[in-house]
Amino acid sequence: MKNIKNQFIAIALGLSVFTACQKETGDLIEIKTVDLENLNTGSSLYWNGSDGAGKFQSSGVTFENNYNSSWGSWDGFVYSQKGDIATSGYSNQYSVYDPANGTNKFAIYYPPFGADAFATFATGIEYTPKSISVCNSTYAALTMKNGDSNSFAKKFGGTSGNDKDWFKMTAIGFNAAGDSVKSVEFYLADYRSDDNTKDFIINKWTTFNLAPLGKINKITFRFSSTDNGTWGMNTPAYVCLDNFKYEVVTPR
């Protein structure tokens, strides 16, 4: 018993010394949040890249944007503070489908055709993303809820309400060398349950866990849906994004 007791004391002392060393030499860990509140939306309440800037920045992250002046269209990232949850269709592409949003600013992502646009940290720097708040755009949400007026996109659930529809986003992380490393998925709408009361379209800011991506230099988002046609996905490929949190570790 005496030897066992001595061994226990020795282990306990060793653990306390290890803990003390951790506290003394441990790195400084900081969680930064990209909330976009530093950006100016102007009288239109959104920015879509029409000034030709090609990007915008907030809290150490650069968001790519492509604006086509010939068509007055854009892809990649834009930002907004519009919250019209009632108007359907493309004309309301800058609104978030959350009635509680208020004047909060947020980004919107729409992917370039056949390509990606990125939210990127500084050149060569890799950080660990923690989470991002996501919500449907009003344009996508009302299209899924009701279908669209020209019958291009369907009403989720179909006429019976029993169709197993879904709309999903995939976050993909890339390292500093430009290689994709990991991905994680999030359902923006899900009608797969046999119990139709469990069907949902995301209508409030919801946390999407990005920690499984590990250390990355940039991130992009891709979309998939059960509603597809000759030219690809019929569901509007939009998502609203806010409060991108990432971990910064500083050695000391």
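Here the condition is being in contact with an Asp or Glu (Cβ under 9 Å, 6 or more places away or on another chain), hydroxyl-bearing (S, T, Y), closer than 22 Å to F156 by Cβ and in contact (Cβ under 8 Å) with a residue 12 or more places away in the chain; of T220, T226, T250, it holds for T226 alone.
Set side by side, the residues K164, K145, K130 differ, and just one is in contact (Cβ under 8 Å) with a residue 40 or more places away in the chain, of a type outside the set (G, A, S), farther than 16 Å from Y238 by Cα and crowded, with 16+ Cβ neighbours inside 10 Å, which is K130. The selection criterion, being assigned to a loop (DSSP other than H, G, I, E, B), more than 20 Å from N146 (Cβ to Cβ) and either at pLDDT below 95 or basic (K, R) (or both), holds for R252. Remark: Y109 matches the filter, which requires a residue to be of a type outside the set (D, E), within 21 Å of I202 (Cα to Cα) and assigned to a strand (DSSP E or B). When A153, A171, A237 are checked against the criterion of being closer than 21 Å to V96 by Cβ and more than 19 Å from the chain's Cα centre (by Cα), A153 stands alone in meeting it.
Of the residues examined, S224 is not one that is assigned to a loop (DSSP other than H, G, I, E, B), of a type in the set (G, A, S) and closer than 21 Å to G147 by Cα. Within the stretch 198-252, if we keep just the residues that are hydroxyl-bearing (S, T, Y) and surrounded by 19 or more Cβ atoms within 10 Å (Cβ to Cβ), the residue that is farthest from D179 (Cα to Cα) turns out to be T235.
The values are calculated or read from the model by the stated rules, or taken from the named source; none is laboratory data. This is a predicted model, so every value here is computed, not measured. Positions of Cβ are generated from backbone atoms using ideal geometry, with glycine treated the same way; all protein chains shown enter the neighbour counts.
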